[in-house]
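The values are calculated or read from the model by the stated rules, or taken from the named source; none is laboratory data. Because the structure is a prediction, the values reported are computed rather than measured. Every residue, glycine among them, receives a Cβ derived from its backbone with ideal geometry; neighbour counts consider all protein chains shown.
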Amino acid sequence: VRPLVMIVKIWAHWHNINDAKNMTLSSYSLALMVIHFLQCAVNPPVLCCLHSAYKEKFNSSSEIGTIDIHEELEPYISENKQSLGELLVQFFQYYATFDFLQYAISVRLASVVPIDNCRLARVPKNDPNQWKLICIEEPFDLTNTARSVYDAEKFKHIRNVIARSAHALYQTRNLESIFTLNPPLV
């Protein structure tokens, strides 16, 4: 998991789409995108859903600050045998075709959720207006971790970089290709 998250973060930083202050994705949002992908977009899944596997620990009444991060949990053994390279290709293909305008990413549910459901959630800190262009549910407070992506041009740029990276990596099967993309066609 860690190597895939690191590659995605380096890639996003390289393409200037990893900075919430500049209306792009935070590192946390990128990590949640990778986790969601490994839960939902590969078969068999690489990661389980902790909220399902440990319902007594991760439920709506759990206080995140009281969870013992040092507690030993039974390891999840995935039967997925894909290489890191295969997973990276699939990651970009998955998000190149993801319907960001209809669905939010949820690692809490290990699924996609209609954005309208997220807007209607009755939880503290949930402003319906934060669910705009890219929606990634924060698994504990149910807010949108990608709320910084509210500018349509930045959203188009992020989508374009993902699509071009998916195409380049699929065509070449060379990691360097996602760092040497041609400029977008205007």
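Numbers below:
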| quantity | calculated |
| --- | --- |
| Residue in region 163-179 that is charged (D, E, K, R), closer than 29 Å to Ile64 by Cβ and either surrounded by fewer than 20 Cβ atoms within 10 Å (Cβ to Cβ) or touching a residue at least 12 places away in the same chain (Cβ under 8 Å) (or both) present | no |
| Within region 121-151, considering residues that are among the small types (Gly, Ala, Ser) and modelled with pLDDT of 90 or more, the one surrounded by the fewest Cβ atoms within 10 Å (Cβ to Cβ) | Ser148 |
| Test result for Phe58, among the aromatic types (Phe, Trp, Tyr), at pLDDT 95 or above and more than 22 Å from Arg147 (Cβ to Cβ) | no |
| Tally, over region 49-66, of residues that are surrounded by 13 or more Cβ atoms within 10 Å (Cβ to Cβ) and either among the small types (Gly, Ala, Ser) or out of contact with any helix residue (DSSP H, G or I) (no Cβ under 7 Å at 6 or more places or on another chain) (or both) | 6 |
| Residue under evaluation Ala104, criteria (1) part of a helix (DSSP H, G or I); (2) in contact with an Asp or Glu (Cβ under 8 Å, 6 or more places away or on another chain), criterion not met | (1) |
| Hits in region 18-34 - residues which are surrounded by 21 or more Cβ atoms within 10 Å (Cβ to Cβ) and either β-branched (Val, Ile, Thr) or without any contact (Cβ under 8 Å) to a residue 12 or more places away in the chain (or both) | Thr24, Val34 |
